[in-house]
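*Asks:* Quick one: structure below, then a few questions.
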Amino acid sequence: MTRSRLLPLAGFALTAVALFAVAPAVLSDFRLSLLARYLCFAIVAVGIALAWGRGGMLTLGQGLFFGLGGYAMAMHLKLADAGPDGLPDFMLLYGTGGELPWWWEPFRSPVFALAAVLVLPMTLAALIGFLVFRRRVRGAYFAILSQALAAAFALLLIGQQATTGGTNGLTNFQGFFGFALADPLNKRMVYFVIAAALLAVLLITRQLFHSRYGELLVAVRDSEERVRFLGYDPALVKLAAYTVSAGMAGLAGALFVPAVGIISPALIGIVPSIQFVIGAAIGGRASLAGAALGAIAVAWAQTTLSEEFPAAWTYFQAGLFIAVIAFLPGGLASLRHHLTRRRTRATRPRPPTGTPAAEGAPA
Amino acid sequence: MTAPTASTAPAPPADPAALAVRDLRVTFDGFTAVDGVDLDVAPGDLRFLIGPNGAGKTTLVDAVTGLAPATGSVRFAGRELLGRPVHRIARLGIGRTFQTATVFEQLTVLQNLDIAAGAGRSVTTLLRRRRHLPEAVAAALETTALTAHRDRLAGTLAHGRKQWLEIGMLLVQDVRLLLLDEPVAGMSHPEREATGELLHRIAADRTVVVIEHDMDFLRSFARSVTVLHAGRVLSEGTVEQVRADPRVQEVYLGEPALTAPAGGEA
């Protein structure tokens, strides 16, 4: 009992030290900004661990929520750069008649924009979830549906060149709530904000995993029908996890914008949505540390390997994904479990296996 | 074991835990699985539902619990059940088990029971860890002799224990009506005995309906029996009455289970 309580605490302390002390000390500014980007993916992966690992919902379209959070933040930064009554630079280029579209207006307010980063994706997820889970859409159908929504959102953004920046997306941000983003010190600050956000998301998700709700979510994942006969509405149970994971993706998208300096349809469509999942799958979708580290490792490998072999990366990634799903469905995090099980099996005499009917020992 | 008298008087509809089924029909793609069944089960009864394969026993339970769409009327404690979603019917105090024990295999015995106890929990309770063992859960662990196994994953339990866990889940759920689909299938003889006694204790203040093929078990523990055949009620009464019914003998011809002292442990 105490060991199971202390270990994760030590894990968190270690993560905090690594993120706040070691990484900034040993990494160059350039590498640190790359790490900031990877941490954003880790935040998405933690949400996926909740919805997919625990809830069984294969969220192949987290790009949708990542994008909503990202665009909400980017719109505010563009407006803040433009100054009061100013227009974002790209609108001057493509021309919207010198008028700011009405739906841009509220994003001038930093409070509105920050709230929208969470509220927009979570509201949309709740709506989607309400429609989808009530109708008992699940498994591959749910995965394809969520992926289609991410693709549709990317297409919508591309089509609205004049008001969304189209394929180029929103980029070239000068400031971040009053801090100049060109200043390396402020870049470090952004990194620290992201690291803190990741820790917070990890803590929240851990609490969810170990709460009664977390147990209920596993029950719904494994036998939705049975849960219904116990008097629960499984649609609501899934809805909650899906909505929270959407909020995490939105938060990640918003933090991605100042860290990387761009949000565009290419960053939120089908391919990035699948990449979010791959990291979690390889690391271990049911394990918090596994999903987060997996996302970081895959993003890091992508940067490193695609520098060396730009053409091979996609194939390598796909191969890795298939190998993990086929041979290690629990991801790398389940390796330890497999190993310890093998060891105990070797030391303990195996109980005789019989038919279930023969197995019931007299009470 | 006091068998009810011949009449098995239909319970008045407002009785707190009475099940009243009227003209129930379930049709799948033109096949009528349940064809106008009337059934009354009074509180405190331990009713066995028997019949050859395909008689509509499980479909009847599916209809009562909201799984299979049906026409007619199913009233429990005066409330109409047909048309309500499964989880709402469950919240009215109706629980069931399945032919193959369905427990949450990736969760421990304790977690399984705790979930069964929690349909009415508030959001804040749900978001916290379990600090204390709920009383009902502790009691159910005792009743089902699973206390020693509480921290084991339910998937690793022996078959018979899984079925006990399912019954335990119904107990903590505090249902008023239990519908059990072959609860002793695959159990050893002592386990059957223990299960039967457990059902008797449970039935003291609840209504229990058991689908069962095992005729030894039926003879030992049934308080009343309903025989279904081809989606209709063929016969109803005490074990003795049903055994003496020529129509039942005809249906079970070649199946010595009811008439001969059966060694029904297939």
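The values are calculated or read from the model by the stated rules, or taken from the named source; none is laboratory data. Everything numeric in this text was worked out from a predicted model, so none of it was measured. Glycine gets a Cβ as well: all are built from the backbone with ideal geometry, and neighbour counts include every protein chain shown. With ligands, DNA and RNA removed, areas are computed over all heavy atoms of the protein, side chains included. Shrake-Rupley method; radii C 1.70, N 1.55, O 1.52, S 1.80 Å.
*Asks:* For the list (1) at pLDDT below 95; (2) among the hydrophobic types (A, V, I, L, M, F, W, C); (3) under 19 Å from B:Glu166 (Cα atoms), I need the number of the one condition that B:Leu113 fails.
*Replies:* (1)
*Asks:* If you don't mind, another one. Give the residues of the range A:248-264 that are of a type outside the set (A, V, I, L, M) and crowded, with 24+ Cβ neighbours inside 10 Å, sorted by residue number.
*Replies:* A:Gly250, A:Gly253, A:Phe256, A:Pro258
*Asks:* If we keep just the residues of the range B:220-247 that are basic (Lys, Arg) and at pLDDT 90 or above, which is farthest from the chain's Cα centre (by Cα)? Before you say what the answer is, go through the steps one by one.
*Replies:* We begin by selecting, within the range B:220-247, every residue basic (Lys, Arg); these are B:223, B:232, B:243, B:247.
Among the residues that remain, those that are also at pLDDT 90 or above are: B:223, B:232.
Values: B:Arg223: 14, B:Arg232: 19 Å.
That would be B:Arg232.
*Asks:* Now, a different point. So B:Val74 fits all but one of (1) more than 13 Å from every other protein chain (Cβ to nearest Cβ); (2) more than 24 Å from A:Glu224 (Cα to Cα); (3) over 18 Å from the mean Cα position of the chain (by Cα); (4) of a type in the set (A, V, I, L, M); what number is the exception?
*Replies:* Here B:Val74 meets the rest and fails (3).
*Asks:* Please list, ordered by residue number, the helices (runs of 4 or more DSSP H) wholly in the range B:102-220 having 3 or more residues that are open to solvent by less than 30 Å² (accessible area, probe 1.4 Å) and more than 9 Å from chain A (Cβ to nearest Cβ).
*Replies:* Once the helices (runs of 4 or more DSSP H) in the range B:102-220 are filtered for at least 3 residues that are open to solvent by less than 30 Å² (accessible area, probe 1.4 Å) and more than 9 Å from chain A (Cβ to nearest Cβ), what remains is B:109-116, B:135-143, B:159-173, B:189-203.
*Asks:* Could I ask something else about it? Return the residues of the range B:62-95 that are more than 12 Å from B:Val37 (Cα to Cα), open to solvent by less than 10 Å² (accessible area, probe 1.4 Å) and not small (Gly, Ala, Ser); say none if nothing qualifies.
*Replies:* Result: B:Thr65, B:Phe76, B:Leu81, B:Val86, B:Ile89, B:Ile94.
Matching residues to (1) in contact with a His (Cβ under 9 Å, 6 or more places away or on another chain); (2) farther than 18 Å from B:Ala20 by Cβ:
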position: B:Ile50; (1), (2): yes, yes
position: B:Val61; (1), (2): no, no
position: B:Val64; (1), (2): no, no
position: B:Ala70; (1), (2): no, no
position: B:Thr102; (1), (2): no, yes
position: B:Leu107; (1), (2): no, yes
position: B:Asn112; (1), (2): no, yes
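*Asks:* Please state which of the following conditions A:Leu236 fails to meet, knowing it meets all the rest: (1) open to solvent by 10 Å² or more (accessible area, probe 1.4 Å); (2) over 17 Å from A:Gly55 (Cα atoms).
*Replies:* Of (1) open to solvent by 10 Å² or more (accessible area, probe 1.4 Å); (2) over 17 Å from A:Gly55 (Cα atoms), only one is false for A:Leu236: (2).
*Asks:* What about A:Gln302, is it within 29 Å of A:Leu114 (Cβ to Cβ) and either among the β-branched types (Val, Ile, Thr) or surrounded by fewer than 24 Cβ atoms within 10 Å (Cβ to Cβ) (or both)?
*Replies:* no
*Asks:* If we keep just the residues of the range B:78-90 that are over 17 Å from the mean Cα position of the chain (by Cα) and part of a loop (DSSP other than H, G, I, E, B), which is farthest from the other protein chains (Cβ to nearest Cβ)?
*Replies:* B:Gly78
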